[in-house]
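Below is one structure, written out as structure tokens; the observations come after it.
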Amino acid sequence: MNFCWCEKCCEAWNIQTGVDVTLDGPKGQVLSLNVGNDILLAGAKDGVIYAWRCSSDPKAESPFKMVATLSGHSKLVVCLAIGCHKMFYSGSMDHSIKVWDLDTLQCIMTLNGHTDVVTSLICWDDYLLWSSSDCTPNIKKSSQIYPPYKA
């Protein structure tokens, strides 16, 4: 699937069949996308992360079903990263990183300390790396971020 967000709609194109589908969800700007645990995540201008699960029901009106809207950031979500131990991370213009459980879609921790936008996140092996517009790149091992992480 390829995905495209416009100001008034969310579109998904199946690159194998050429079929396009309009997704329910954000009607404003989406700045980040990622997929993990069979869930499509979209970080939006309103500070919300929208989550869809792919439906295997051939009779479903849409192959995607909205499963959650995740609130927590006070400003737009700039970046998303899928990590190990079934966690994902979101970076925002509110200068924070949220740590989310990919199974429950619940926020389990907030990382603060930046004085500007968290601009990028990447998970590499058992590490989370991120940068901010305050010129402070960071790297942490998953166990340093959330010690009771899931093995």
Please count how many residues of segment 17-64 are aliphatic (A, V, I, L, M), farther than 27 Å from His95 by Cβ and open to solvent by 60 Å² or more (accessible area, probe 1.4 Å). 1
Report every pair of residues separated by at least 6 positions or lying on different chains whose Cβ atoms are under 9 Å apart, first residue within segment 108-125 and under 20 Å from Leu70 (Cα atoms), second acidic (Asp, Glu) and part of a strand (DSSP E or B). Ile108/Asp101
Would you confirm whether or not segment 74-89 contains a residue that is at positive phi, at pLDDT 80 or above and of a type in the set (Lys, Arg)? yes
Positions within segment 93-119 being over 13 Å from Leu80 (Cα atoms), modelled with pLDDT of 90 or more, open to solvent by less than 30 Å² (accessible area, probe 1.4 Å) and β-branched (Val, Ile, Thr), in sequence order: none
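The values are calculated or read from the model by the stated rules, or taken from the named source; none is laboratory data. Just so it is clear, the structure is predicted and the values come from calculations on it, not from any experiment. Every residue, glycine among them, receives a Cβ derived from its backbone with ideal geometry; neighbour counts consider all protein chains shown. These accessible areas exclude ligands, DNA and RNA; they are computed on the full protein's heavy atoms, side chains included. Shrake-Rupley method; radii C 1.70, N 1.55, O 1.52, S 1.80 Å.
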